[in-house]
Structure formats: structure tokens, C-alpha cells
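Trainee: One structure, pasted below without further comment.
The values are calculated or read from the model by the stated rules, or taken from the named source; none is laboratory data. Because the structure is predicted, anything quoted here is derived from the model rather than measured. Cβ: placed from backbone, ideal geometry, glycine included. Neighbour counts: every protein chain shown.
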Amino acid sequence: QIKEWGVEACAAMAHEMEQTLIKQKAMMAWASSMPGAGGGNDAATEAYTTLSNQKEVMRIAIDALGGWEAAVYLDSGDVNVDVDLRVWPKDDRLAMLAVMREYLVARLEEEKEEALRTQKELLAKAGNAEELAQLRALLEAERGTAAMLKKKLEQERERADAAARRAKKKSADDRLAAAAL
């Protein structure tokens with residue numbers, strides 16, 4: 001039944017579970033350090049264990065649905081550059097970003113080749129000022145497309161850098177939470 005949600009929804013749920021587990025672990029550490037906090041930890045430990053098991057079931061469902069590849073590769077063969085990277089583990093995010101970068105670079109190269117091909121064809125056909133004006137407009141449109149793809153690539157690169165920084169901070173926060181135990 002979980003598999004019916006789709007891989008992206010499962011990844012989002014697993015991410016939320018992970019965040020809750022981190023908070024719960026920190027709260028358990030804090031509660032055990034408080035004077036007179038003798039009871040109640042059994043229930044918290046049981047809840048933590050249950051949520052941890054549920055998260056593992058969610059990870060199994062994600063793997064069964066195809067993992068990060070299912071979120072990145074569309075049925076059409078294109079790459080989904082709009083996938084929410086925040087909900088994926090760091091290693092998966094890095095792999096996803098590498099695929100997106102490769103895809104965007106290839107698209108940019110294809111657009112560049114098409115623009116050059118179009119330019120050559122139009123220059124061969126251009127015989128008067130009106131055709132030259134149309135050629136200039138078409139070339140500007142092709143340049144705009146190439147610039148847009150380049151900008152998208154830069155945005156993805158910035159997104160990757162930001163994701164790496166967040167992952168590094170999260171890792172430090174996790175170590176801090178683990179040290180608190």
C-alpha cells in the first residue's frame with residue numbers, strides 16, 4: 001500500500017521520519033540528564049524504536065520503487081530537474097545532481113549545435129534585408145534559449161552547493177545530537 005504513494009512521497013515521508021527521530025533522540029538524551037527523571041524513558045525508547053522500524057520499512061519501499069533513479073528519470077527518458085532534493089540522503093542527492101548536471105550540459109550542447117545549424121541554414125538562404133532581420137531575431141531567440149539553459153545549470157550548481165552545505169550542517173547536528181546521548 002505504501003508503494004502506491006510513489007517514490008517521491010515515500011522519500012519525503014522517510015525524511016520527515018528521520019527528522020523526527022533526530023529530535024526524539026535529543027529529547028530522550030535531555031530527559032535522561034534531568035534530575036528526578038526516573039520513569040517514562042521506556043515509552044520514549046519504544047516510540048523511538050517503532051518510528052525507526054517504520055522508517056526502515058519506508059526505505060525498503062523506496063528501494064522497491066526504484067530509489068532515487070525513479071524520481072530523477074521520467075518515463076519519457078528526460079531528467080526531472082524539479083525533483084525535491086532535500087528529502088533524499090546526501091549520497092543520493094549527490095548522484096541525482098550529477099545526473100541533472102550531465103543532462104543539462106547535454107541539453108545546452110544540443111541547443112548550441114541546433115543554433116549553429118540554424119544559423120548556417122539561414123545564412124545560406126538569406127538574400128535580402130528582410131531575411132537578415134528574421135535571421136537575427138531567430139538567432140537571438142536561440143541565444144536566449146542557450147542562456148536560459150546555462151542559467152538553469154548555474155541554478156542547479158548553486159542548489160547542489162546549498163544541498164552539500166545543508167548536508168554538512170545536518171551531519172554536524174547529528175554528531176552533536178549523538179554526542180549528547
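Trainee: If you check Val81, Val72, which single one turns out to be crowded, with 18+ Cβ neighbours inside 10 Å and closer than 30 Å to Leu139 by Cα? Show your work before the answer.
Mentor: Values: Val72 fails: closer than 30 Å to Leu139 by Cα.
None of the other options fit; the residue is Val81.
Trainee: Would you check if there is a residue in segment 151-164 being on the phi < 0 side of the Ramachandran plot, of a type outside the set (A, V, I, L, M) and more than 20 Å from the chain's Cα centre (by Cα)?
Mentor: Within segment 151-164, the subset on the phi < 0 side of the Ramachandran plot is 151-164.
Pick out the ones that are also of a type outside the set (A, V, I, L, M) and you get 151-152, 154-159, 161.
Within this subset, residues satisfying the condition of being more than 20 Å from the chain's Cα centre (by Cα) are none.
Looking for residues that are on the phi < 0 side of the Ramachandran plot, of a type outside the set (A, V, I, L, M) and more than 20 Å from the chain's Cα centre (by Cα), one finds none in segment 151-164, hence no.
Trainee: Run down Val105, Val81 and say which single residue is over 24 Å from Gly6 (Cβ atoms) and either modelled with pLDDT of 90 or more or not assigned by TED's automatic domain parsing to the domain that holds Met17 (or both).
Mentor: Working: Val81 fails: over 24 Å from Gly6 (Cβ atoms).
That would be Val105, the only listed residue that is over 24 Å from Gly6 (Cβ atoms) and either modelled with pLDDT of 90 or more or not assigned by TED's automatic domain parsing to the domain that holds Met17 (or both).
Trainee: Name the residues in segment 145-165 that are in contact with a helix residue (DSSP H, G or I) (Cβ under 6 Å, 6 or more places away or on another chain) and among the small types (Gly, Ala, Ser), would you?
Mentor: Ala146, Ala160, Ala163
Trainee: A follow-up question, please. Taking the criterion of being outside the structural domain of Lys55 (by TED's automatic domain parsing), within 14 Å of the chain's Cα centre (by Cα) and exposed (fewer than 12 other Cβ atoms within 10 Å of the Cβ), would at least one residue in segment 118-140 satisfy it?
Mentor: Here is the first cut: in segment 118-140, the residues outside the structural domain of Lys55 (by TED's automatic domain parsing) are 118-140.
From the residues that got through so far, the ones that are within 14 Å of the chain's Cα centre (by Cα) too are none.
Looking through segment 118-140, none of the residues is outside the structural domain of Lys55 (by TED's automatic domain parsing), within 14 Å of the chain's Cα centre (by Cα) and exposed (fewer than 12 other Cβ atoms within 10 Å of the Cβ).
Trainee: Given the condition at pLDDT below 85 and either closer than 30 Å to Glu18 by Cα or in contact with a Leu (Cβ under 7 Å, 6 or more places away or on another chain) (or both), answer yes or no: does some residue in segment 140-149 qualify?
Mentor: Looking for residues that are at pLDDT below 85 and either closer than 30 Å to Glu18 by Cα or in contact with a Leu (Cβ under 7 Å, 6 or more places away or on another chain) (or both), one finds at least one in segment 140-149, hence yes.
Trainee: For segment 133-154, which residues satisfy the criterion of being among the polar types (S, T, N, Q) and either farther than 14 Å from Glu111 by Cα or outside any helix (DSSP H, G or I) (or both)?
Mentor: Residue satisfying the conditions is Gln134 alone.
Trainee: Oh, and also: Can you confirm whether Arg86 is touching a residue at least 60 places away in the same chain (Cβ under 8 Å), part of a helix (DSSP H, G or I) and not assigned by TED's automatic domain parsing to the domain that holds Glu8? Steps first, answer last, please.
Mentor: Numbers: touching a residue at least 60 places away in the same chain (Cβ under 8 Å): yes; part of a helix (DSSP H, G or I): yes; not assigned by TED's automatic domain parsing to the domain that holds Glu8: yes.
In short, yes.
Trainee: Mind listing whichever residues of segment 66-82 are in contact (Cβ under 8 Å) with a residue 40 or more places away in the chain and either under 15 Å from Lys152 (Cα atoms) or assigned to a loop (DSSP other than H, G, I, E, B) (or both)?
Mentor: Listed by number, the residues that qualify are Gly66, Val81.
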